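Here's the structure we're looking at; comments come further down.
The values are calculated or read from the model by the stated rules, or taken from the named source; none is laboratory data. Quick caveat, the model's predicted, so the values are computed rather than measured. As a convention, Cβ positions derive from the backbone with ideal geometry for all residues, glycine included, and neighbour counts pool all protein chains shown. The area values use the complete protein model at the heavy-atom level, side chains included, leaving out ligands, DNA and RNA. Shrake-Rupley method; radii C 1.70, N 1.55, O 1.52, S 1.80 Å.
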Amino acid sequence: MEEKKIIYQTFPRLFGNKCVTRKPNGTLAENGCGKMNDYTDSALQAIRKTGFNYIWYTGIIQHAQCTPYDCYGIPKGNPHIIKGMAGSPYAITDYYAVDPDLATDVSRRMEEFEALTERSHRNGLKVIIDFVPNHVAREYHSVQKPESVADFGANDHSEFSFHPQNNFYYMPGQGFAPHIYLGSGDEQYHEMPAKATGNDCFHAFPDKNDWYETIKLNYGVNYTTGERCFEPIPDTWTKMLHILLYWSEKHIDGFRCDMAHMVPIEFWEWVIPRVKHQYPDIIFIAEIYSPELYREYLYRGHFDYLYDKVGLYDTLRAIVEGKTPASAITSQWQALEGIQSRMVNFLENHDEQRGASDFFARDPQKLIPALIVSATMNVNPFLIYFGQELGEKGMEAEGFSGKDGRTSIFDYWSLDTMIRWNNNGKWDETLLTEDEKKLRSCYTKVLTACNQEKAISEGLFFDLMYVNYDSPGFNPQKQYAYLRKHEDELLIIIVNFDDTAIAPSVRIPRHAFDFMNITPDKYFSHEILSGEERILSVLPDEPVVYPIKPHSGVMIKINLQTPNREKNKKTNI
């Protein structure tokens, strides 16, 4: 049976960077930059042992940045249309090249990436990279493309605002004039005619809150008239298919597709089967924020998985912040009926504020109940962002991004938590604080259980909330409870979002016993997180009562083949 996918999103620019200068708006020379070669066997083994089986390397493809690499034939970017000194990894300048910042030897950067992929596989980790289909950097120019491939925009008819075979959208007769400073003299950025901006800004005057550093790609949709021109196949489609096949040949295992819902469904319907025809095991994950489109992008668009951001993530965040009851989780999985297994759950990624930041929970311990729910509710993938397992706060003003509770994707920087975990390449816990060790241990127990326990990776799910709303000693505002079961293995999972310790009474209805084929009895139980063992009554007329610490949870494992009534064992409290 296929494993439950546990994904470690990591940002190579920051992961292995040991420079402690951390000058706001600093250059690469001042602040340093992590490299692909920092992912040594020791580092990858440490990640694997935490419970991960996939690793998402964010920012691999060459993107706009301010560091000059002219001597390698890489065009120098104009700093006035680059966000931050390091630039956004989602403003691609060459779809066929690895970002030079990440290479120890820039001239061999693709070889270093191929070695990284092989090394990841050798250490039990499948590889995901970003595919950015909606937009490119304003100064896109591929140096590494095959000779047979025309560059984006090379054959466009820029006299038309829209042409089905153009790669870009144009504003004929208008120069690019955003509400930002474009420089002066020889350093001024010029674009004539102006092209549409990546966030569907179809005029020449984007402001600082738009994706002004990017150009929207044309997939054959005329956004002015609504006309959809897909016959003959738009040139952008064939170019993107070639790019996907190019990277698939590098033995990667999946693509995380940036802003997939901003690209017409017809393209995905066409391109994913063509890639999978040659690479049947490769997976496609869509970043998508419109629930009304979920099923269409799964079934018609052929995506394997979608982000569950506006559903479970937003709900769990609101619960942690005390803005909504824990019982709201039920309505979220119900809304996904039939597709829960195809949603990627997460509590952090590069777009979201850090859970331990002052803008969210402040204390990483407060995320533990949400961690347990996100990771164990279903068989679907679960993702964490590097440093989350150490309580990284993201509360530094790195430069372009400012102090916003996020780890900057725009600036050259380093993370103290990563440097101490790195410990000069040992990747051990020697330099971690006691709180960081405890937090990482908790993450490891939860994440490893996801595949060690078939009840989580393969089993049935039963929500216990409907029968516990009025249960004495159970607070649906702060607690959530459910069952997972596979064959003779039962897990009773209860989480506590409250800041006080509790011993909730959790009723298991007769219907759950029938649905999951559970024989009422007293059983020997093992609590996965604490290791505590006790005799537990699992009966329809007697609630399960188990102590839970503040902002924590229990994952109680029971083998239904071995009822245990030994009098010398501790009984249910």
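A compact table of results
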quantity: Solvent exposure ordering (accessible area, 1.4 Å, most first) of Phe400, Phe11; calculated: Phe400, Phe11
quantity: Residue-normalised accessible area of the chain, expressed per residue, 1.4 Å probe, Å²; calculated: 38 Å²
quantity: Candidate aspartates and glutamates for bridging to Lys438, where Cα separation is under 15 Å - those fewer than 8 sequence places away on the same chain excluded; calculated: Asp363, Glu389, Glu392, Asp428, Glu429
quantity: Within segment 216-325: Cβ-based charge dipole about Cα centre, in debye rounded to nearest 20 (Lys, Arg +1; Asp, Glu -1); calculated: 120 debye
quantity: Dipole magnitude of segment 432-476 about its Cα centre (Cβ charges: Lys, Arg +1; Asp, Glu -1), debye to nearest 20; calculated: 200 debye
quantity: Out-of-range pairs (alpha-carbon distance over 25 Å; input Lys393/Lys437; Lys23/Lys83; Lys145/Lys195; Lys49/Lys426); calculated: none
quantity: P(r), alpha carbons of the chain - 20 Å bins starting at zero, rounded %; calculated: 20, 51, 25, 4, 0
quantity: Per-selection metrics, segment 23-111 (Cα): Rg and Dmax in Å; calculated: 14.4, 43
quantity: Size of electric dipole in the chain: Cβ of Lys, Arg +1 and of Asp, Glu -1, about Cα centre, debye, nearest 20; calculated: 1600 debye
quantity: Accessible surface of the chain [probe 1.4 Å, protein heavy atoms]: carbon and sulfur percent; calculated: 49 percent
quantity: CD proxy at 222 nm, helix term only [per DSSP H run n ≥ 4: -39500 (n - 2.57); per residue of the chain; nearest 500]; calculated: -6000 deg cm²/dmol
quantity: Dipole of segment 245-390, positive end: most advanced residue of Thr376, Leu245, His277 [Cβ charges, Cα centre]; calculated: Thr376
quantity: Leu347 accessible area, assembled protein chains, probe 1.4 Å, Å²; calculated: 10 Å²
quantity: Listed residue (Leu125, Tyr95, Asn167) projecting farthest to the positive dipole end of segment 58-214, Cβ model; calculated: Leu125
quantity: Inter-part distance where segment 47-105 and segment 128-166 are each reduced to a Cα centre, Å; calculated: 18 Å
quantity: Ranked packing of 136-145, 437-446, most packed first, by mean Cβ within 10 Å; calculated: 136-145, 437-446
